[in-house]
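In what follows, a single structure is set out as structure tokens and then discussed.
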Amino acid sequence: MAPQDRLTSTLERPESTVAPLLQVEGLRVAYGGHEVVRGVDLELGAGRSLALIGESGSGKSTIAKALLRLLPTGGKASGRVELAGRALLELPERHFRRLRGRTIGFVPQDPGNALNPVRTIGAQALEAAELVDELAKPDRRAAVLETFAQVGLADPERVFLSYPHQLSGGMLQRVLIGLAVLPRPALLVADEPTSALDVTIQKRILDLLSELREGLGISLLLITHDLAIAAERADSLLVLKDGVAQETGPTAEVFAAPSSDYARRLHADVPALNPDRYAQLRDLGRAGAPKIEVVAVTKSFGSLTAVDDVSFSVPAGTTHALVGESGSGKTTAIRLLSGLEQPDSGRIAVAGEELRGRSHASLRSVRRHLQLVYQNPFTSLDPLWKVERLVREPLDRYRIGSPRERDELVRETLTAVGLGEHLVSRRPSALSGGQRQRVAIARALVLRPDVLVLDEPTSALDVTVQADIVETLLRLQAEQGLTYVFVSHDLSLVRQLAHTVSVMRRGRVVEQGTVAQIFDSPQEEYTRTLLDSLPVGAS
Amino acid sequence: MTLTAVTTTEAPAPPTRPVWRVPPTVVVSFVVVALVLAWSIAPGVFSHQNPVDGIPSELFRPPSGAHWFGTDHLGRDEFARVVHGTASSVSSALVAVLIGLVVGGLFGLLSGFFGGLVDTTLARFVDVLLAIPSFLMAVVIVSALGFQTINAAVATGVSAVAVFARVLRSEVLKARSAVFVEASLLLGGSRASVLFRHVLPNASRSVLQLAVLQFGLSILTIASLAFLGYGDPPPASDWGLLISSGREYPLAPWLVWAPAVVTIVTVLSVNRISRWLRKTD
Amino acid sequence: MSRGYLPFALRRAGQAVLVILLAYVATFVVISVLPGDPVTATLRNPQNGFTEEQIARIVSYYGLDRPVLVQLWEALSRFVTGDLGVSLRSNRPVADMIGEVVPSTLVLAGASLGLALLLAFGIAFGVRYLPRPFGPALRSVPSLFLSVPGFLVGLLLIQIFSFGLGLFRAIDADSPWATFFAALTLGVWVSAQVAEVLIANLDREAEQDYAGVARARGLGQARLLLRHLLKPSALPVVTVLAVMIGEVLGGAVITEAVFGRTGLGSLVESSVASQDLPVLQAVVSLAAVVFVLVNLLADLVYPLLDPRVTVVRPEARVAVA
């Protein structure tokens, strides 16, 4: 069967645009007695796209699972869901199963875990080909290879024979999109399809989805936490919070003039849409003499040069950002800076003190001046310790002040990062992500260091929480004259809070300069590619 | 904008775990284990009859109000014999677990924390302990030390060393590679302080669960050794020995089933507690 | 699979040889800790009817008159060449005695492992796919199996099927039914441990993203289990089964005693009873050899079966298992 035939011979898809393909009314999902989706209505026309936007806990992924009827055990969906005129929730399971894959395709969030690790990609792709009823068994392989080529995989034969761990995340997501569109479903549900991918790859995957939607006339339900992506890729938006729709309508309307408080706040908190939000706060402090100097530092692990001849210097009281995609060496750079790794060559000085060649014991004195805040507050705090003890630990280790003074310092610092008194005797598991990261920041600040190294401190957090943390960090900088080294993959965020930037790629610094230089007049091709990949919300 | 205002806009913290709830079967299990431990500490409180000297006129009485578990070929009360045999059957299992925990735990701790040559050396040693099937090893050790219940306990403990060493090593490695441990080193902690404050407490949960599981297994192993006659000789009344000698009287099946059911219920309860500990992690 | 396989295999084989030798030494050390001098005591027991001359020959054969380290060295040298020594009790080569009983234990071990696999897979499949309340109830079966001492399972089976139903005569230990129930006795114990691993793995795999994605691709529960969940869940069972060899060899002592079978286990029991140390040493060392070789084989085969495992880090397998 030629690709053109299959392209046109799609499923029962209403030609008229009068009746929407997907119509949801009063959808509720509950686990036990706890409702996580509380009466959501939505409508998606054939060939159109709708984005569900929300932060963690908003119920957006639950809606996707409810549509596919793949809720975990204990989950119950009620309300009316109609797809091409059929009520989905009432169908018996064996009838509904025929719709999965054939009529509703699914693109998952994390491509790295979405394929069976012990089976070849080909074996799993043939499962998708089986769903095309008119495709005879011998033709299935050809159809799979053709689809792989269609989604932009360069060597379909090799991909077919590979195991998932042998391919990159971007390639895997192409495979998964291919498997989802191969049976030509009427509706494609994409659950955060790019949140696990680098920004340049993210753009290509989103382009591919838009392309397939237009080429094949598939409707797209895009689930995302990123307002900018949603605005760029969808015809209409639905903003969710705590399982309730806050606002819905055509993208242009919702995006340009949000009417609900929550949508307004969401809009204000997305860094890409508000590059100058913190400019005033950021520029309160005054730059001093260089606090950190990194000169020609190189570090290799075996044959891999993780950091290659990297130099930068950070004036006191300012923020220097290291920006790059995964594998760019930014994480290794800050491990070198914290003395967790020793450089092969080059010089690192913090507050005038040389870092290289120090023992663990003598690094201790440097670390009083330089503290690290980790990316993931879910792993960087000992789960058995309570907040007060966690923040107090560095004071105890460095034997600072009397026990009473330590108590006092802990309380002061917790207040400074915005944590209330009532939280001090909680364990991390009883805190939200944002609260945990505040504890981590307090723990780093309690020693009164001059320098904070921040390793993607907000990437595990929701965008509104991120905005709060960023504001706290900038205020602390203005008050205490702190110097920050800020590592991030998020260029928009960097633009909001950094003074100077190093763009890294494959261990090397590609371009360096002030925020204005990098963002307004990038000199290097790679920097331009990165900037072009940013979703900016305008479609 | 004040900071307290900032915190209120955050999503509320996930609710702390609903009130500590223990499943009913676990409660029953704890009661059983507590009862059995009480038997082993103060058998006289639970049975007033003589476990060693029987009443010749009351041979092979089936279970009744007077003799809950019946009587044996010498007219001894079987319940009294089971209760008085608990000390060596159960407490010796505790000794075994203690040996395995202390020796194996130390091995695993050193191995996981120091790594390098220490780890390689101890790993080979643990490999050797694993290579000899544990029950055979217990048999060899008990036959070298002499046929006594305490020696059976030592033998059982030694054969459990490898398991403890392996689990503790992997737990220590896991904890050592945890981000919060690295963070603690950055915050000025020495290796020793990190080991005792972060690594050990985090490793202790799975070790506790393993210790409870091994307690059940040790009861079984010691009963098996007693069954083969490698424990204290009669008139001692280890559960395994009771079952073994009960076999000779097929017409008095309670002599087998009473100690058998007590053994099974005890081990079942211990295993239930162990599974519960694993789940509540 | 990667180019590092051969060095990995060689390193792993080298470790295995070292462990076997050390296991022999360990057994030797434990046995010679024995208080007193049971060897010459046994020899001089008039019941055995050794002449002074024979005793002198045996004593010098084993070098019992020389320092322990020398004895160890000589015993080890003989062990390496396959010479397992001579029984103190029967004065026969130990290798011959073992050779006579090995087939019976092999049959028992093989049958029990087969039954254990059947039971374990049956339980694990039942847990996942039997309707309530049967499926969930099956979950507690492995725990129950693990709470019953092996000898009790044997006694129970004999009670029911021999005394009760008369299916076999308990005395006729080599009849097919007797062998079956002996294997079942061992198999129940082994199956519980395999089933626990299998159930946990199936639960874990079913929670993985890929399982959800495969269902979104239209797969039903049965296909999901057979095509997707089974392989990653069952692969680690290879390693578990290899470890279970030790349980089977140890459990044979009890099982053979309960069913009155002759085999390696009964040989252990009789040599313990008669303090026939060369036999005990030989059987235990042999068990260690079998255990180490089977586990070596499992380790070497595993990277070939599981595409996720690379042999660059041999420890990686532990994470999977």
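Bear in mind that the values in this text are calculations on the coordinates, not laboratory data. Everything numeric in this text was worked out from a predicted model, so none of it was measured. Cβ sites come from the backbone with ideal geometry, for glycine too, and all protein chains shown count toward neighbours.
A few comments on the model shown:
- The string of couplings for segment A:388-404 from the Karplus curve (6.51, -1.76, 1.60, θ = phi - 60°) is 4, 5, 4, 6, 7, 3, x, 5, 5, 5, 8, 6, 9, x, 7, x, 5 Hz, one whole number per residue in order, with x for Gly and Pro.
- Rounded D (µm²/s) - the protein assembly as shown, Kirkwood Rh over Cα pairs, Stokes-Einstein at 25 °C, 0.890 mPa s: 72
- Think of chain C as a dipole: +1 on every Lys or Arg Cβ, -1 on every Asp or Glu Cβ, centred on the Cα centre; then among C:158, C:80, C:264, C:158 lies furthest on the positive end.
- The alpha carbon centroids of segment A:87-125 and segment B:211-228 are separated by 48 Å.
- Distance (nanometres) between label positions extended 7 Å along Cα→Cβ at residue C:5 and residue C:293: 2.3
- Within segment A:68-123, the trypsin sites (Lys or Arg not before Pro) that combine a DSSP coil assignment with at most 15 other C-beta atoms in a 10 angstrom radius are A:98.
- Across segment B:189-196, rounded Karplus estimates of 3J(HN,Hα) from the backbone phi angles (6.51 cos²θ - 1.76 cosθ + 1.60, θ = phi - 60°) give x, 7, 4, 5, 5, 5, 4, 7 Hz, Gly and Pro being marked x.
- In chain A, the C-alpha radius of gyration followed by the widest Cα-Cα span (Dmax) gives 25.6, 81 angstrom.
- In the protein assembly as shown, helical runs assigned H by DSSP with n ≥ 4 each contribute -39500 (n - 2.57); averaged across all residues and rounded to the nearest 500, the mean residue ellipticity at 222 nm is -17000 deg cm²/dmol.
- Distant-in-sequence amide contacts of residue A:510, defined by a placed amide H-H separation under 5 Å and a gap of 5 or more residues or a different chain, comprise A:503, A:504, A:505.
- Loop sites in segment A:355-444: trypsin sites (Lys or Arg not before Pro), DSSP, at most 12 other Cβ within 10 Å: A:399
- Pairs of lysines in segment A:20-244 whose Cα atoms sit within less than 18 Å of one another amount to 4, provided the residues are eight or more positions apart or on different chains.
- Top of B:229, B:108, B:216 by mean-square fluctuation, Gaussian network on chain B, Cα under 10 Å: B:229
- Distance between segment B:135-186 and segment A:313-359 - C-alpha centres, whole angstrom: 42
- Choice from C:133, C:142, C:176 with maximal GNM fluctuation in chain C (Cα, 10 Å cutoff): C:133
- Taking a ≥ b ≥ c as the square roots of the eigenvalues of the Cα gyration tensor, an a/c ratio of 1.5 or more together with a/b no larger than b/c marks segment C:158-312 as oblate.
- Only the Cβ atoms of Lys and Arg (+1) and of Asp and Glu (-1) were treated as charged; on that basis the dipole of segment C:94-273 about its Cα centre amounts to roughly 980 debye.
- Set of lysines near residue B:279 by C-alpha distance (under 19 Å), chain-local residues within fewer than 8 positions excluded: B:174
- The order of C:151, A:106, C:134, C:50, going from fewest to most other C-beta atoms within 10 Å of their C-beta, is C:134, C:50, C:151, A:106.
- About its Cα centre, the protein assembly as shown has a charge dipole of approximately 480 debye under the convention of +1 per Lys or Arg Cβ and -1 per Asp or Glu Cβ, with nothing else charged.
- Relative pair counts by distance (%), Cα atoms of chain C, 10 Å bins: 5, 21, 25, 23, 15, 7, 2, 1, 0
- Nearby aspartates and glutamates by direct alpha-carbon distance to residue A:291 (threshold 16 angstrom, same-chain neighbours under 8 apart not counted): A:353, A:354, A:450
- Fluctuation leader among B:171, B:248, B:78 - chain B, Gaussian network, Cα springs under 10 angstrom: B:248
- Positive dipole terminus of the protein assembly as shown, leading residue within B:243, A:333, A:239 (C-beta point charges): B:243
- Evaluating 6.51 cos²θ - 1.76 cosθ + 1.60 at θ = phi - 60° for every residue in segment A:346-363, the Karplus couplings come out as x, 9, 10, 10, 10, 6, x, 9, 5, 9, 5, x, 8, 7, 4, 5, 7, 5 Hz, glycine and proline recorded as x.
- Farthest positive-ward along the protein assembly as shown dipole, Cα basis, beta-carbon charges - from A:206, A:429, C:244: A:429
- Around the amide H of residue A:189, modelled in the peptide plane, lie the amide H atoms of A:105, A:106, A:107, A:221, all under 5 Å away and 5 or more residues distant in sequence or on another chain.
- Antiparallel content of DSSP bridges confined to chain A, in %, to 5: 55
- Cα-centred dipole magnitude for segment A:477-528, charges only on beta-carbon of K, R (+1) and D, E (-1), debye, nearest 20: 200
- In Å, descending, principal axis extents of the Cα set of segment B:169-233: 59, 16, 13
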